[in-house]
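Engineer: Quick one: the structure is below, questions incoming.
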Amino acid sequence: MNRKRRHPAINVALKLLYTYRWTIGIYWLVFLCIYVAIGVILRSPTVGAEMDAQGIWEGASTSPKVFLLVIGILMTPLSLASFVSNGVTRRHFIWGVSGLLVVYSAISAIIMVIGYPIEQWIYDKYDWPLELSNPHLFKDASQFGLIFVEYFFLFIAFFGSGWLIGSCFYRFNWKLAVVLILLAILPAMAMETVISADWIGSILQKAYDIERASLAAVIPLALCIVALVFASVFLLLRKVPVKRKVLS
């Protein structure tokens, strides 16, 4: 009996997962080592008195967001021509990369979820107080689902904005693409505003007195932003000529 062939979009996603496995793995290994070192230094006797109740992991999401933004920028310029030349349609490429965005964003969000209870356990062990210094969807380290939701949507928005930026440079000449960066980064900024977490949330709530919408509204709005990213990329790439030279 012949095995059922995998959908071409799944093959694209699996190929990209395999291609970037070492990049993602090494990044997270280095990232975690750096944050462990930061935690040791900041909780040392000479510094610890000034760090009372301040956690380290809460501020850890900025680097992954920027990293995923950069990986997203590379998706179309480095991969589209190769896949299309091997018989993959643009539609299947878009669906495959969309799946990759979901998987990598979920993996990154899970790592963030794991970090919070580990940090809480360490602080409890040494009887250190621990408080969240900025607004979040979650209130403490035990709310795994809300932690995942917050970081998943933030990561996929930054990843998606990067994909839009790279696709703009692939589709248009570089002068127009530079201008379009302002539009391409909007999904990441919109998601930051909708989730209203971390320092963005602190600015909105404390400086401008803008409270976050209820969770029942936040999740549909976040899903709309993700859908807008995928739709925008589809419109950009569905009929784009295959280029060997990205900048023109």
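Engineer: K239 passes all but one of (1) open to solvent by 60 Å² or more (accessible area, probe 1.4 Å); (2) assigned to a helix (DSSP H, G or I); (3) more than 21 Å from G145 (Cα to Cα); which number fails?
Structural biologist: Among (1) open to solvent by 60 Å² or more (accessible area, probe 1.4 Å); (2) assigned to a helix (DSSP H, G or I); (3) more than 21 Å from G145 (Cα to Cα), K239 violates only (2).
Engineer: May I ask you to list pairs of residues, at least six apart or on different chains, whose Cβ atoms are under 7 Å apart, with the first in the range 211-224 being within 14 Å of G201 (Cβ to Cβ) and free of Cβ contacts under 8 Å to residues at least 40 places away in the same chain and the second being open to solvent by less than 60 Å² (accessible area, probe 1.4 Å) and assigned to a helix (DSSP H, G or I)?
Structural biologist: From residues that are within 14 Å of G201 (Cβ to Cβ) and free of Cβ contacts under 8 Å to residues at least 40 places away in the same chain, the pairs are E211/Q205.
Engineer: Mind telling me which of the residues I195, I181 ends up being open to solvent by less than 50 Å² (accessible area, probe 1.4 Å) and under 20 Å from the mean Cα position of the chain (by Cα)?
Structural biologist: The conditions single out I195.
Engineer: May I ask you to list the residues in the range 169-178 that are within 9 Å of L236 (Cβ to Cβ) and open to solvent by less than 10 Å² (accessible area, probe 1.4 Å)?
Structural biologist: Answer for the range 169-178, where residues must be within 9 Å of L236 (Cβ to Cβ) and open to solvent by less than 10 Å² (accessible area, probe 1.4 Å): just Y170.
Engineer: Is the range 141-160 home to any residue that is in contact with a strand residue (DSSP E or B) (Cβ under 9 Å, 6 or more places away or on another chain), without any contact (Cβ under 8 Å) to a residue 60 or more places away in the chain, open to solvent by 10 Å² or more (accessible area, probe 1.4 Å) and within 30 Å of A213 (Cβ to Cβ)?
Structural biologist: yes
Engineer: Then there is this: Hey, any hits in the range 193-212 for a residue that's farther than 30 Å from I114 by Cβ and in a helix (DSSP H, G or I)?
Structural biologist: Yes - at least one qualifying residue is present in the range 193-212.
Engineer: Next up: Tell me, which helices (runs of 4 or more DSSP H) lie completely within the range 45-158 with 3 or more residues that are within 20 Å of M191 (Cα to Cα) and either among the aromatic types (F, W, Y) or at pLDDT 85 or above (or both)?
Structural biologist: 62-85, 90-125
Engineer: Consider L221 carefully, then state whether it is open to solvent by 70 Å² or more (accessible area, probe 1.4 Å), outside any loop (DSSP other than H, G, I, E, B), in contact with a helix residue (DSSP H, G or I) (Cβ under 9 Å, 6 or more places away or on another chain) and among the aliphatic types (A, V, I, L, M).
Structural biologist: Judged against the criteria, L221 is a match.
Engineer: With the requirement that a residue be farther than 22 Å from C33 by Cα, open to solvent by 50 Å² or more (accessible area, probe 1.4 Å) and over 21 Å from the mean Cα position of the chain (by Cα), what does the range 52-86 give you?
Structural biologist: D52, S82, S85, N86
Engineer: In the range 86-105, is there at least one residue being more than 23 Å from L223 (Cβ to Cβ), touching a Phe, Trp or Tyr at 6+ places or on another chain (Cβ under 7 Å) and in contact (Cβ under 8 Å) with a residue 60 or more places away in the chain?
Structural biologist: no
The values are calculated or read from the model by the stated rules, or taken from the named source; none is laboratory data. Because the structure is a prediction, the values reported are computed rather than measured. Virtual Cβ from ideal backbone geometry, glycine too; neighbours counted across all protein chains shown. With ligands, DNA and RNA removed, areas are computed over all heavy atoms of the protein, side chains included. Shrake-Rupley method; radii C 1.70, N 1.55, O 1.52, S 1.80 Å.
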